[in-house]
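Read-outs throughout are calculated quantities, based only on the coordinates presented, and are distinct from any laboratory measurement. Note that the coordinates shown come from a computational prediction; the quantities given were computed from them, not determined experimentally. Note that we place each Cβ from the backbone using ideal geometry, even for glycine, and neighbour counts take in every protein chain shown.
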Amino acid sequence: MPIKSYLAHAIKGKKEELMKALVSLDQCEVVPAENQDILALVTDTPNEKEEEILKEKIEAISSLKLLSLVSGFNTPQN
């Protein structure tokens, strides 16, 4: 079960738009910065293939300027 955290940098003035788009994705949790156009994003997917699909969806959001991976963790399923 991959759990990854990212910093999502919004295009200037588009932070709220980016937040709404990310929150609408089922496997995402979002925490906005108070004084910057940056969002902390945590994803939780069942496997790496689903994580890649989700990442592609995130990268396609028009209000996203940059997505930076901060940390990744994968728990093997027994």
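Do you know which residues across the stretch 34-66 are crowded, with 16+ Cβ neighbours inside 10 Å, under 17 Å from Lys20 (Cβ atoms) and either touching a residue at least 40 places away in the same chain (Cβ under 8 Å) or in contact with a Cys (Cβ under 7 Å, 6 or more places away or on another chain) (or both)?
Within the stretch 34-66, Leu41, Thr43, Ile58, Ile61, Ser63, Leu64 meet the criteria.
Kindly indicate whether any position in the stretch 1-17 is surrounded by 13 or more Cβ atoms within 10 Å (Cβ to Cβ), over 17 Å from Lys55 (Cβ atoms) and either of a type in the set (S, T, N, Q) or under 11 Å from the mean Cα position of the chain (by Cα) (or both).
Checked against the condition, which is being surrounded by 13 or more Cβ atoms within 10 Å (Cβ to Cβ), over 17 Å from Lys55 (Cβ atoms) and either of a type in the set (S, T, N, Q) or under 11 Å from the mean Cα position of the chain (by Cα) (or both), the stretch 1-17 yields no hits at all.
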